[in-house]
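Asks: One structure coming up, written as structure tokens, with questions to follow.
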Amino acid sequence: MKFDQSQIAIHIKKKALELGFISCGISRAGYLNEEKSRLEKWLQNGMNGEMNYMSRNQEKRLDPTLLFDGAKSVISVLLNYFPKEGQEDSAAPIISKYAYGKDYHFVLKEKLNALLEYIQNEIADCNGRTFVDSAPVLDKAWAAKAGLGWIGKNTNLISVEHGSFFFIGELIVDLEMEPDEKIVSNHCGNCTRCIDACPTNAIVAPYVVDARRCISYQTIELKGDLDENLKGKFANRVFGCDICQDVCPWNLKSEPHNEPDFEPHPRLLKLSNKDWEEMDKSLFNELFRKSAVKRTKYEGLKRNLQFLKDDSSS
């Protein structure tokens, strides 16, 4: 080991900031007791919809030592994606800000791999595994445990310094470290702006989101027909939704990212309503070749566009 035990976390956090992360925190790997009953109740009520993967590997989701052999510490990081500019045509279908640039899975993973490499080369001989939203890890719970923010009433992690327009990633290592003892208290108070603003009433209670009613779930995760009961309630959202974040007072603190990979395709923000309606597969592939929008595929985007069109004509 090249650093004193008390110095390891300091150097890791410094390197994380150098790599472009806006925040980094460390927690001890172990069982997430508090999240167990909340997750079970949410699943029992069927609020995961067609996201069957949420009901699989529940024990692994609650205990990272089952995900990675010898896990001792969870390093949580935040990466800002708040854009400098938005879509120009106010009548055009709206896509979530996180999908403007390159798919975050690749960007975040590359940075986390670089952080792991740094730890292995400069700090200690250890093993680790990176996680970006693609394995059974409760990323918001771990970030909160590491003192990076609190879980808001819209179930997003909110940071006092940065708001909530960021991605969360984890690096689980078999290296013993001093965990961050800081726990950020809940600053939502009596505010219900996110609950009041949700057009589909997906936030069914403070800190509880029924995914089946969420525009993000409907436009991205759902594979079949969109819910006819939600007709006229999509607020022109065609891929994802930022409404509960846009109205959050803590996002007044949001500052534009400086990550080149998150810059949008030059044509994307200029698309008119007509451009979206007439989008063919070749334009879709050009605009979203490396974007998270690829998840819904061309057919899925056209389905969403037709749903919005039916909304406006009904």
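Asks: Label-point separation (nm) for E286 and E228, each offset 7 Å from Cα along Cα-to-Cβ?
Replies: Between E286 and E228, the label points sit 3.7 nm apart.
Asks: Mind ranking 285-295, 188-198 by how tightly packed they are, going by the mean number of other C-beta atoms within 10 angstrom, highest first?
Replies: Ranking, from highest mean packing down: 285-295, 188-198.
Asks: Please list the equivalent ellipsoid semi-axes of region 1-143, computed as the square roots of five times the alpha-carbon gyration tensor eigenvalues, in descending order and whole angstrom.
Replies: 29, 25, 12
Asks: Using a Förster distance of 51 Å, how high is the FRET efficiency between E176 and N201, based on the Cβ-Cβ distance and rounded to 0.05?
Replies: Details: r = 46 Å, r/R0 = 0.89.
With a Förster radius of 51 Å, E is 0.65.
Asks: Given the C-alpha atoms of region 263-314, compute the convex hull and give its volume per residue in Å³. List each step's numbers first, then the result.
Replies: Numbers: hull volume 4.1 nm³, N = 52.
Roughly 79 Å³ of hull volume per residue.
Asks: Then there is this: Just to verify a number: FRET efficiency for E88 and Q44, C-beta to C-beta distance, R0 = 41 Å, to 0.05?
Replies: Using R0 = 41 Å, I get an efficiency of 0.40.
Asks: Then there's this: When Rg is the radius of gyration of the Cα atoms in region 207-287 and Rh is its Kirkwood radius, what does Rg/Rh come to?
Replies: When Rh is taken as the Kirkwood radius, the ratio is 1.00.
Asks: Just want to confirm a number: the relative contact order over region 143-279, from Cα pairs under 8 angstrom separated by 6+ residues, in percent.
Replies: 27 percent
Asks: Additional query: Obtain the nm distance between the two label points defined at N258 and H11 by a simple spin-label model: each point lies 7 Å from its Cα along the Cα-to-C-beta direction.
Replies: According to this spin-label approximation, the distance is 2.5 nm.
Asks: Next up: What ranking do 239-249, 265-275 get when scored by the average of other Cβ atoms within 10 Å per residue, highest first?
Replies: 239-249, 265-275
Asks: Which three numbers, in whole Å and largest first, are the semi-axes of the equivalent ellipsoid of the chain derived from its Cα gyration tensor as √(5λ)?
Replies: Gyration-tensor ellipsoid for the chain: 34, 22, 18 Å.
Asks: Put a dot 7 Å past each Cα toward the Cβ at N57 and Y31; how far apart are the dots in nm?
Replies: 2.0 nm
Asks: Then there is this: If the only charges are +1 at each Lys and Arg Cβ and -1 at each Asp and Glu Cβ, what is the size of the charge dipole of region 56-138 around the Cα centre, to the nearest 20 debye?
Replies: Dipole size: approximately 200 debye.
Asks: Taking Rh as the Kirkwood radius computed over C-alpha pairs, what is the Stokes-Einstein D of region 170-314 at 10 °C in a medium of viscosity 1.306 mPa s, expressed in µm² per second?
Replies: 88 µm²/s
Asks: Which lysines, on any chain, are close to K231 with Cα under 27 Å apart, when same-chain ones fewer than 8 places away are left out?
Replies: Hits, sequence-local ones excluded: K97, K153, K223, K270, K274, K281, K294, K297, K302, K309.
Asks: Within the set K41/K145; K41/K102; K109/K140, which residue pairs have Cα atoms separated by over 26 Å?
Replies: With Cα atoms farther than 26 Å apart: K41/K102.
Asks: Can you find, among V137, F307, I119, the residue farthest towards the positive end of the dipole of the chain? Put +1 on the C-beta of Lys and Arg, -1 on that of Asp and Glu.
Replies: F307
Asks: Follow-up question, since we're still on this one. Say R0 is 22 Å: what FRET efficiency, to the nearest 0.05, do N190 and V247 get from their beta-carbon distance? Each step should come with its number before you reach the end.
Replies: On the way: r = 15 Å, r/R0 = 0.67.
That pair, N190 with V247, gives E of 0.90.
Asks: Sticking with this one: Anyone know which of A144, A124, A202 comes out most mobile in the 10 Å Cα GNM of the chain?
Replies: Of A144, A124, A202, the most mobile in the Gaussian network model is A124.
Asks: Between P256, I158, C198, whose Cα lies farthest towards the positive end of the dipole of region 116-273 when Lys and Arg beta carbons carry +1 and Asp and Glu beta carbons carry -1, centred on the Cα centre?
Replies: My answer, from the dipole projection, is C198.
Values quoted throughout were computed directly from the atomic coordinates according to the rules given, and no laboratory measurement underlies them. Treat the numbers as computed from the prediction; the structure is a model and nothing was measured. No Cβ is skipped: glycine too gets one built from the backbone with ideal geometry, and neighbour counts run over all protein chains shown.
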